[in-house]
Amino acid sequence: MVVIPTETVYGLACNAMDEDAVRRVFEIKGRPAENPLIVHLSEAEQMEDVAVDIPDLAWKLAARYWPGPLTMVLRRGPEVPKVTTGGLETVAVRVPAHVVAREIIEAAGCPIAAPSANVFMGLSPTNAFDLDPEILVDVDLVVDGGPCEYGLESTVIDLTEETPRILRPGAVSRGEIQSLIGRPLGHMPPEEVRKSPGMYRRHYAPSSPVRLIDRVLQADEVGLTFGAAQSELQVKMPKDARAYGAVLYSALKQLDLRKPKAILVEEPPDGVEWEAVWDRLRKASANLL
Ligand code: AMP
Ligand code: MG
């Protein structure tokens, strides 16, 4: 059980083909058994070891985006334990770009399951020092790769239906994929939300409540601002979507440690490049129901 750095977030890694190890990952995270894990590969050809009926589009997307923060959902190969895929007949795969992650996967010689190394629903760690003590007591080793380049989870695209669709927005944008494949991507119907854990209403949340505000933070408020920080309880956020995403979780974590009554977040702009940031902020600010 090893925590590894990836370019998205830190992962709690184990052999994806080993049922017992995978069960342990679910246990450590407190993750519901029906939440499938992403299977990390060292190269695109390894898709054939874990998936069947791989469509041409998967090879095309792999050629363009791997190694990198794009996860593809394919039909599960018979050797992948159902525990890994949350009981589904599909499997999510990606080749991470982080050089340390890839070397570890290669050396392991097997596909690696690596969900974010946080307790279920919490903030994903994007730095080794953001790891929760509850996770640390249960792992054998932490590989410290410094801050994650993207800091938000991968884009998840489902290729098992007639029309490919995005299940979770991430670093690779919808627009980019649409222009590569030359047709619009589908949306996830609400009744299928449970099919994909990134789609829970509340997720990626600190323990203090998060509230989105369409105004500027006042001097005595705690939160994330685009202006100058007026106290140590405010974090100045970048105006570039990718740079914002890279520091979002660590900024929320930093404020959360002070146990404020609420963390206020100035709403980011609406542009398509902000889709993944908006998705995480909506989930972080959703009520626990
Ligand atoms: P995490 O590893 O915590 O970032 O979460 C894994 C993500 O992968 C979830 O948010 C799901 O959206 C997605 N995922 C993994 N496997 C599948 C699958 N077989 N079908 C649909 N989504 C999946
Ligand atoms: Mg996660």
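Restricting segment 75-105 to residues that are more than 14 Å from T6 (Cα to Cα) and of a type in the set (D, E), the residue that is most open to solvent (accessible area, probe 1.4 Å) is E79. Looking only at segment 1-31, residues that are over 25 Å from A171 (Cβ atoms) and open to solvent by 30 Å² or more (accessible area, probe 1.4 Å) come to 10 in all.
So which of E134, E161, E176 ends up being over 17 Å from the mean Cα position of the chain (by Cα), more than 13 Å from ligand 2 (Cβ to nearest atom), surrounded by fewer than 18 Cβ atoms within 10 Å (Cβ to Cβ) and within 21 Å of P206 (Cβ to Cβ)? Before you say what the answer is, go through the steps one by one.
Working: E161 fails: within 21 Å of P206 (Cβ to Cβ); E176 fails: within 21 Å of P206 (Cβ to Cβ).
When all the criteria are applied, what remains is E134.
Test E106 against the criterion of being among the acidic types (D, E) and touching a strand residue (DSSP E or B) at 6+ places or on another chain (Cβ under 6 Å), and give yes or no. Considered against the rule, which asks whether it is among the acidic types (D, E) and touching a strand residue (DSSP E or B) at 6+ places or on another chain (Cβ under 6 Å), E106 comes out as no.
For segment 125-141, residues that are in a loop (DSSP other than H, G, I, E, B) and in contact (Cβ under 8 Å) with a residue 40 or more places away in the chain total 7.
Taken over segment 228-243, the criterion of being small (G, A, S) and closer than 14 Å to P269 by Cα is satisfied by A241, A243. Residue check: T163 meets all listed conditions (1) assigned to a loop (DSSP other than H, G, I, E, B); (2) touching a residue at least 24 places away in the same chain (Cβ under 8 Å) but one, namely (2). The residues of segment 209-224 that are open to solvent by 10 Å² or more (accessible area, probe 1.4 Å) and without any contact (Cβ under 8 Å) to a residue 60 or more places away in the chain, listed by number, are I213, D214, R215, V216, Q218, A219, D220, E221, V222. Go through the residues of segment 118-134 one by one and say whether even a single one is within 11 Å of ligand 1 (Cβ to nearest atom) and more than 14 Å from L12 (Cβ to Cβ). Looking through segment 118-134, at least one residue is within 11 Å of ligand 1 (Cβ to nearest atom) and more than 14 Å from L12 (Cβ to Cβ). For segment 226-270, filtered to residues that are open to solvent by 70 Å² or more (accessible area, probe 1.4 Å) and acidic (D, E), the residue that is farthest from D214 (Cα to Cα) is E232. Restricting attention to segment 106-128, the residues being open to solvent by 40 Å² or more (accessible area, probe 1.4 Å) and farther than 25 Å from R282 by Cα number 4. Of the residues G170, G122, the single one that is within 17 Å of K253 (Cα to Cα), touching a strand residue (DSSP E or B) at 6+ places or on another chain (Cβ under 9 Å) and either part of a helix (DSSP H, G or I) or at pLDDT below 95 (or both) is G122. Residues in segment 142-155 that are crowded, with 22+ Cβ neighbours inside 10 Å and not in a loop (DSSP other than H, G, I, E, B): T155 alone.
The values are calculated or read from the model by the stated rules, or taken from the named source; none is laboratory data. Every value quoted in this text rests on a predicted model; they were computed, and no experiment measured them. Methodologically, a virtual Cβ is constructed for each residue, glycine included, from the backbone with ideal geometry; neighbour enumeration extends over all protein chains shown. Heads up: the accessible areas ignore ligands, DNA and RNA and are worked out on the full protein's heavy atoms, side chains in. Shrake-Rupley method; radii C 1.70, N 1.55, O 1.52, S 1.80 Å.
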